[in-house]
Structure formats: C-alpha cells, structure tokens
1. Write down the radius of gyration of the chain and its Dmax, each obtained from C-alpha positions, in Å.
2. Tilt of helix 27-41 relative to the longest C-alpha principal axis of the chain, in degrees (0 to 90, nearest 10)?
3. So which trypsin sites (Lys or Arg not before Pro) in region 24-64 are both in a DSSP loop and have at most 11 other Cβ atoms within 10 Å of their Cβ?
4. Between ALA67 and GLU143, what length in nm is gained on full extension when 0.36 nm per residue of separation is reduced by their alpha carbon distance?
5. Name the trypsin sites (Lys or Arg not before Pro) in region 88-148 that are in a loop by DSSP and that have at most 10 other C-beta atoms within 10 Å, would you?
6. Counting other Cβ atoms within 10 Å, keep those with at most 16, restrict to DSSP loop, and tell me which chymotrypsin sites (Phe, Trp or Tyr not before Pro) in region 76-146 are left.
7. Work out the FRET efficiency for GLU22 and HIS43 from their Cβ-Cβ distance, taking R0 = 35 Å, and round it to the nearest 0.05.
8. Quick one: Kirkwood hydrodynamic radius for region 43-96, alpha-carbon pairs, angstrom, one decimal?
Amino acid sequence: MKIIAGSVMAGMLVSASALAAECADDSGPRGALNSYLLAMQSHTFDKAYEFVTAKMTDGKSREDWAAQQKLFYEGGEVNILNIDIRKAQATDDDASCAKQASVPNILKSRDKFNNQGTTEFEVYQTVKDGETWKVDAQETLFEAEGVQKWFPGEKVPEFKDQY
C-alpha cells in the first residue's frame, strides 16, 4: 500500500510541476487580461468591469465594484508599474483553449505601504462568455515551486529592509 501511495504521489508531483500546453491561439485570453490590467493600471475601473466575470466582482454591480476598486487603489496609493503577460496555457478541463485558459502575468506595482515596489507572479483564469473572453479568477504565487512552474527561470525578488 505504501509503494502504491508513493507512486501515486510521485506521479502527481511530476504532473503538477509540468506546465500545460500553450494555447494555439491565445489572443482572446491574453487580450481580455491585457484590457483588464490596462484599465486597472489607469484606474478606469468602470472600464475594467467589462473584462471580468461576476465571480471576479463577487456579483457586484459595475457602479459598486468600480467604487470599491477606486477606494482600494486611491486609499492604498496603488500604482501598477509594469505588466508582463505570458502565453496562455490550456487547462485540465479544456486542452484546446476553446472556453477557458490560464494566463500567467508578472505585475510590478507600488503602494503607500511598499514604496520600493513589489513583483507579483500571478496566474489568471480566463473564460469565454459567449463570444467574449473575460477574467474569471486570479491567484498570486508566493512559493518558489509555483513561480518556477509558471515562470521558469524567474526568481522571487527579496524584500530589502529599509530601516
């Protein structure tokens, strides 16, 4: 029993560490993410709303969600400095990327609590809503293993204490 469990666990680790296949045409998933992030970068939250699903907005109306984002971004003095969207990847549920895809992104930003700036390794889930691609979920990776899976060769920058 231990040998079987060990073999199953080893197989899971190998498959979890391998990146999914790239989408042949990732213009929809990448385009949706790019439009969303550019709108967030320019603090045009009502525009960003067009590129997200109800899941991303917790079902809030455009007006309520945009007001919440404005409060968060302005209150925290959040500024997105750089967006680096990578090639969209197939998901386990959609190998052809016809209805969903994962899109990695490296985002550099700064806020009033971290004036040095930060580098965030993110993976967005995008879905096709009718004929339109939208951002459905976002995960920020903190562990080196996850960063290496989605961003091979990249390193998590060390935070430098400024005291």
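1. According to the Cα coordinates of the chain, Rg and Dmax are 17.8, 56 Å.
2. Here the helix axis deviates by roughly 40 degrees.
3. In loop regions of region 24-64 (DSSP not H, G, I, E or B), there are no sparsely surrounded trypsin sites (Lys or Arg not before Pro).
4. On the way: separation 76, 0.36 × 76 = 27.36 nm, distance 3.20 nm.
Contour length minus Cα-Cα distance gives 24.2 nm.
5. On the way: sites: LYS99, LYS108, ARG110, LYS112, LYS128, LYS134; in loops: LYS99, LYS112.
Those that pass, being in a loop and sparsely packed, are LYS112.
6. Numbers: sites: PHE113, PHE121, TYR124, TRP133, PHE142; in loops: PHE113, PHE142.
Passing sites in region 76-146 are PHE113, PHE142.
7. Numbers: r = 32 Å, r/R0 = 0.91.
That pair, GLU22 with HIS43, gives E of 0.65.
8. Value: 13.3 Å, from the Cα pair sum.
Every number in this text was worked out from the coordinates using simple rules, so none of it is lab data. Everything numeric in this text was worked out from a predicted model, so none of it was measured. Positions of Cβ are generated from backbone atoms using ideal geometry, with glycine treated the same way; all protein chains shown enter the neighbour counts.
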